[in-house]
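Remarks on the structure that follows.
The values are calculated or read from the model by the stated rules, or taken from the named source; none is laboratory data. None of these values were measured; they are calculated from a predicted model. Backbone-built Cβ (ideal geometry, glycine too); neighbour counts: all protein chains shown.
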Amino acid sequence: MFTRALVFVLSLLGFALCGALIVREAALAGGGKIAWGVPGWWRETVRAGAWERAGVAGGVVLALVVLCLVLAVRVAVPRRDGAGGRVLELGERDARVRVSVEILERMVTIALASQLGGGRVRRVRVTRRDGRLVTRTRLTAASTDLAALHGRVLAIVRRDLGGATGLEVERLVLEVDRFAPAEGERS
């Protein structure tokens, strides 16, 4: 959370600086009626013997840019465990358990495939939002009663995934990519 706030504040400062520079350039390009004096810090920078300070300032700015890039990558790229997968941290601060999200998704896929009967599970995605789980499931349905199918899938996901993690399943997004023919029908 601290990383996101820091990146946000630094981004706002960068936008403010860029906006001020654009306004200055637009004013200077507007004609010769506006006299914009050279700032004192620029005179001090180009004065003889001041290049050391300019080099130090440039190094500090470069370090801030690299820090912003590293923080942006940390925010944008999800955490991964040693095997390269996404990780879900469960438990309290003193007793944490790290579980691979891929394992949880596979568990839900197996549970749905074995209990839905006739349907084929294509993909399950599990994400965590504000301490609750959100599940996106894509499957081929054997039934055309989507309300009943959604209820059955939600019950299975809540029982298995909620029981395994101890977290509430807040939402289930069910995507049906096609309907499988009922038994005895031809496709």
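From (1) modelled with pLDDT under 85; (2) surrounded by 15 or more Cβ atoms within 10 Å (Cβ to Cβ), pick out the condition that doesn't hold for ILE156.
Status for ILE156: all satisfied but (1).
Name the residues in region 74-106 that are at pLDDT below 80 and part of a helix (DSSP H, G or I), would you?
ARG74, VAL75, ALA76, listed by residue number.
Hey, could you check region 107-137 for residues that are in contact with a helix residue (DSSP H, G or I) (Cβ under 7 Å, 6 or more places away or on another chain) and of a type outside the set (A, V, I, L, M) and say which is surrounded by the most Cβ atoms within 10 Å (Cβ to Cβ)?
By that ranking, first place goes to THR137.
Restricting region 159-187 to residues that are in a loop (DSSP other than H, G, I, E, B) and aliphatic (A, V, I, L, M), which is modelled with the highest pLDDT? So that I can check it myself, show each step before the final result.
Restricting attention to region 159-187, the residues satisfying the condition of being in a loop (DSSP other than H, G, I, E, B) are 166-168, 180-187.
Checking the rest, the ones that are also aliphatic (A, V, I, L, M) come to 167, 180, 182.
Values: LEU167: 78, ALA180: 70, ALA182: 57.
In this case the residue turns out to be LEU167.
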